[in-house]
Amino acid sequence: MGTFQKIKALLFAAGLLISWNNSNAQSCEITVQGQTPSCPGNLLVLSVEESDSLKYLWSPGEDTLATIAVRPEETTEYRVLVYNDNYECRDSVTIEVYFKIEMEFEQLQKTCTGTDTDCKAKVKAIAGGEFPADEYDYEWEWNFFEDADSTIAIGLCGDVQYSIRVWDPHGCYVDTNYQVESFLSPTIDIWVEPDSIVYIKNPWITFYYADTTADSLDRYVEYHTWDFGDSITSNMDSPRHLYDRIDVFNASITITDNNGCDTTYFYPVEVKPVELIIPNVFTPNGDGINETLAFTADNPEGADPEETLDTYYISNELVVFNRYGRKVYEKNNYMNDWDGGNLPDGVYFFVLKCHGEFGDDVFKGSVTILGRNN
């Protein structure tokens with residue numbers, strides 16, 4: 001488009017250009033295909049007679065074809081400029097659009113979260129626009145209504161989104177959704193002792209929980225049930241549970257609050273086999289490394305110096321002999337803390353008896369004290 005034509009197009013869009021008539025020129029009258037007045041967003045086709053020798057400019061939108069598709073959301077005036085170097089004309093048409101349907105929702109009753117609960121939520125839909133709210137038709141995805149009033153849906157589930165289509169007397173409709181609000185669940189903290197990882201020879205875990213919203217006026221735990229992940233349950237506050245096999249268990253606690261809602265919190269625990277690393281040397285030379293006779297578990301991530309034999313077994317007894325068979329050290333429930341006492345460097349022999357929940361293990365071997373005499 002040349003400079004002159006651009007100026008004319010801008011003047012036209014601003015409504016300032018006065019066209020001239022040419023009796024031999026083509027008509028630029030706009031025709032409308034589609035129902036008018038129109039519902040908001042409905043498709044309409046606007047067109048003028050098409051010619052290869054003419055150009056077209058529509059406003060709003062600045063489309064440049066003889067035929068355009070529009071979806072007006074409100075009453076809009078559309079204008080077209082038809083032109084070439086020797087001719088131009090214009091036409092306009094106002095597309096009347098019905099008032100848009102505006103939606104509001106009022107939740108009259110909350111409920112528990114989830115679809116597997118006793119869903120009791122109640123929600124009222126309120127349409128607005130050109131007509132009073134009671135003149136619209138309401139089509140809920142959910143087909144349970146209070147007293148045949150389709151504006152109020154009942155039996156909805158908490159935290160679930162429901163769709164609704166609302167029609168006005170013109171036959172226009174709007175589709176929208178509502179996310180149902182639910183009662184807030186109490187906040188629960190879970191912890192265990194001694195750890196979430198235990199060993200099959202000492203597979204006891206004590207479970208604890210705390211209701212961190214216990215001081216709230218609107219939500220608190222009324223009762224609870226522990227599930228240890230092995231088909232055993234308990235209603236105790238802090239149950240101590242014995243696991244009888246090596247596995248990973250998805251333990252949980254289900255709490256019921258003052259609104260009658262159930263919420264389940266999960267806490268995985270693992271029961272592992274015991275595979276002790278049997279030391280053959282320790283060096284009590286004061287450098288802080290390998291200072292004591294320590295029995296630790298074989299762990300791909302490396303031995304944990306904080307873990308002692310009572311982590312793996314119920315109890316134990318350690319006896320150490322010199323090479324002549326004389327007892328030089330004895331300890332029940334040994335804690336990996338013997339540094340050799342005043343014994344000189346040399347080879348010593350030990351017997352470690354470990355007592356487990358499901359059987360005992362006995363370890364015999366030799367260990368060298370090295371570095372004390374240096």
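Remark: pairs (first residue in the stretch 345-359, outside any strand (DSSP E or B); second residue among the polar types (S, T, N, Q) and surrounded by 15 or more Cβ atoms within 10 Å (Cβ to Cβ); Cβ separation under 7 Å; 6+ apart in sequence or on different chains) = Glu357/Asn202.
Residue by residue, here is whether (1) without any contact (Cβ under 8 Å) to a residue 24 or more places away in the chain; (2) in the same structural domain as Asp227 (by TED's automatic domain parsing); (3) surrounded by 14 or more Cβ atoms within 10 Å (Cβ to Cβ); (4) over 50 Å from the mean Cα position of the chain (by Cα) holds:
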{"residue": "Pro268", "(1), (2), (3), (4)": "no, yes, no, no"}
{"residue": "Asn285", "(1), (2), (3), (4)": "no, no, yes, yes"}
{"residue": "Ala297", "(1), (2), (3), (4)": "no, no, yes, no"}
{"residue": "Asp304", "(1), (2), (3), (4)": "yes, no, no, no"}
{"residue": "Thr308", "(1), (2), (3), (4)": "no, no, yes, no"}
{"residue": "Thr311", "(1), (2), (3), (4)": "no, no, yes, no"}
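Only residues that are of a type in the set (A, V, I, L, M) and touching a Gly at 6+ places or on another chain (Cβ under 8 Å) were counted in the stretch 184-229, giving 1. If only residues of the stretch 242-288 that are acidic (Asp, Glu) and part of a loop (DSSP other than H, G, I, E, B) are counted, the one that is nearest to Leu352 (Cα to Cα) is Glu275.
Checking each residue in the stretch 64-111 for being crowded, with 16+ Cβ neighbours inside 10 Å, among the basic types (Lys, Arg) and under 51 Å from the mean Cα position of the chain (by Cα) picks out Arg79, Lys100, Lys110. Scanning the stretch 167-206 for residues that are among the charged types (D, E, K, R) and not in a strand (DSSP E or B), we see that the one that is farthest from Ser150 (Cα to Cα) is Lys201.
Residue-level check: of (1) out of contact with any Ser or Thr (no Cβ under 8 Å at 6 or more places or on another chain); (2) at pLDDT below 95, Glu141 misses just (1).
The values are calculated or read from the model by the stated rules, or taken from the named source; none is laboratory data. These figures come from a predicted structure and were not determined experimentally. Counting neighbours? That spans all protein chains shown, and the Cβs are built from the backbone with ideal geometry, glycine included.
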